[in-house]
1. I need every pair where a residue in the stretch 47-59 that is at positive phi and modelled with pLDDT under 95 has its Cβ under 7 Å from the Cβ of a residue that is assigned to a loop (DSSP other than H, G, I, E, B) and open to solvent by 60 Å² or more (accessible area, probe 1.4 Å), sequence separation at least 6 or different chains.
2. How do the pairs read when you match residues in the stretch 132-147 that are within 23 Å of ASP56 (Cβ to Cβ) with residues anywhere that are open to solvent by less than 40 Å² (accessible area, probe 1.4 Å) and of a type in the set (Lys, Arg), using Cβ under 6 Å and keeping only pairs 6 or more apart or on different chains?
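The values are calculated or read from the model by the stated rules, or taken from the named source; none is laboratory data. This structure is a prediction, so every number in the text was calculated from the model and none was measured. Cβ atoms come from the backbone with ideal geometry, glycine included; neighbour counts cover every protein chain shown. Ligands, DNA and RNA are excluded from the accessible area calculation, which covers all protein heavy atoms including side chains. Shrake-Rupley method; radii C 1.70, N 1.55, O 1.52, S 1.80 Å.
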Amino acid sequence: MKKERIGFMLLAFLAIFSFAGIYGGFVTGTLGKIALIDPPAEDYCGLVQKVVPMEDVSFGDVVYITSTSGPGYPYVAKADADATTTLGDIRIMVASANSMGPAPSLVEGIIHHPAYAFTSAGLPVHVSNTAGLVTTTDLSAGEYTQIIGYSQSPGVLKFRPSYNITEVTD
């Protein structure tokens, strides 16, 4: 085999292996044939911070920091678009936890969650008016919009929350 072909195959393998690591998939195949198996139903990658939820939370719940005077980790509660006081410094829980039990949260990154039923890629995703959930639909007058990322495909969110909060007026 020529050196160029070996180099190209190695580069292709590394690229696919890196993709699998990012999206939580697995690489399999025989020499010259590499395939990416579907990622697990719930997975994530990115910057993670341990937080203390003030209520029971599940994987994928959107939370906001309520206080930083906790036991070394910030306290969080489920975010809600009904008031600016329940928005701001947003995280997404990447593990289920009971109230007051430290758990990891995503500060920024990519998360795959089947409950995120996005209809297409590139849609702005914001905090829902139902505590802890996300939505791509427009909110009603008197509610507040905080974009937290963009859909990449059904179930996949590129999470990079904005600190801009806008009141819906009509």
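1. If the second residue must be assigned to a loop (DSSP other than H, G, I, E, B) and open to solvent by 60 Å² or more (accessible area, probe 1.4 Å), no pairs are left.
2. Once the first residue is within 23 Å of ASP56 (Cβ to Cβ) and sits in the stretch 132-147, no partner that is open to solvent by less than 40 Å² (accessible area, probe 1.4 Å) and of a type in the set (Lys, Arg) comes close enough.
Let's see how each residue does on (1) under 14 Å from TYR44 (Cα atoms); (2) out of contact with any Asp or Glu (no Cβ under 9 Å at 6 or more places or on another chain); (3) of a type outside the set (A, V, I, L, M, F, W, C):
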| residue | (1), (2), (3) |
| --- | --- |
| PRO102 | no, yes, yes |
| ASN129 | no, no, yes |
| LEU133 | no, no, no |
| TYR144 | no, no, yes |
| GLU167 | no, no, yes |
